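The structure under discussion appears below in the form of C-alpha cells.
The values are calculated or read from the model by the stated rules, or taken from the named source; none is laboratory data. This structure is a prediction, so every number in the text was calculated from the model and none was measured. Note: ideal-geometry Cβ built from the backbone for every residue, glycine included; neighbour counts use all protein chains shown. These accessible areas exclude ligands, DNA and RNA; they are computed on the full protein's heavy atoms, side chains included. Shrake-Rupley method; radii C 1.70, N 1.55, O 1.52, S 1.80 Å.
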Amino acid sequence: KEGVAQTIAAYGIYIGGLVAHTASIGGPGLNEGNIIIHDKVTFTSGTNLWIGGIGGLFTNSVKNCTNKGDIIYNASATLTGDNFFMGGGAGRYEGSAFENITNEGNVTFNGGSSKALCIGGCSGYSPSATVTDIHNCGVVTVGKDSQCIQSTYLGGVFGYSKGGTLTRVSTSNKE
C-alpha cells in the first residue's frame with residue numbers, strides 16, 4: 001500500500017517482473033516494468049527476500065528472457081531478515097541452465113541492512129549452473145547507507161556464483 005507503514009513477516013518473500021517463484025521459464029519473456037520497494041516497509045527477522053526483474057527465485061532453467069525495468073530497494077526501507085538476493089534477471093537462480101538472458105535495467109540497493117547481500121546485474125545468487133549468453137548493461141549500485149552484517153557480494157553479472165560453466169558472459173555500463 002502506498003504511503004502506509006507495512007510490516008511483513010514470512011520465511012521468504014518472492015518478487016518478480018514476470019513471475020515471483022517458479023521452476024522454469026522458457027521464454028521469450030520480457031519485463032519492461034520497474035520493481036520498487038518503497039520506504040516504510042519492514043521485513044521481520046528470519047525473512048529472506050528474493051527480487052528479480054524476470055523472477056524472484058528459479059529452481060530449474062531460465063532461457064530467452066530480457067529485463068528492461070529498474071529494480072530499486074529504497075533507502076528508508078528496513079530489512080532485518082537473514083538474506084537479500086536481488087538481480088536484473090533473477091534474485092536467486094538454483095537451476096541447471098541460465099541461457100540467453102539480458103538485463104538492461106539498473107539494480108539499486110540503497111539502504112537497509114541484512115545478514116548477507118547478493119546483488120548482481122543478471123542474478124544476485126547462482127550456486128552452480130551452465131551459463132550461456134548472459135549480458136548486463138544496467139548499472140548495479142549499493143548505496144552508502146546500506147549495511148551488511150556478514151557478507152556483501154556485488155557484481156555486474158552475478159553477485160555470487162559458486163561453480164558452474166560460464167560461456168559468453170559480458171557486462172558493460174550503459175552510461
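Return yes when Ile36 is modelled with pLDDT of 85 or more, over 23 Å from Lys162 (Cα atoms), assigned to a strand (DSSP E or B) and of a type in the set (Val, Ile, Thr) and no when it is not. It is true that Ile36 is modelled with pLDDT of 85 or more, over 23 Å from Lys162 (Cα atoms), assigned to a strand (DSSP E or B) and of a type in the set (Val, Ile, Thr).
When region 15-38 is examined, which residues are found to be open to solvent by 70 Å² or more (accessible area, probe 1.4 Å), over 21 Å from Gly111 (Cβ atoms) and in contact (Cβ under 8 Å) with a residue 40 or more places away in the chain?
Leu18
Checked against the criterion of being more than 19 Å from Cys137 (Cα to Cα), crowded, with 24+ Cβ neighbours inside 10 Å, at pLDDT below 90 and out of contact with any Gly (no Cβ under 8 Å at 6 or more places or on another chain), region 70-83 contains not a single residue that satisfies it. Hey, could you check region 136-145 for residues that are assigned to a strand (DSSP E or B) and at pLDDT 90 or above and say which is surrounded by the most Cβ atoms within 10 Å (Cβ to Cβ)? Ranking the candidates gives Asn136 first.
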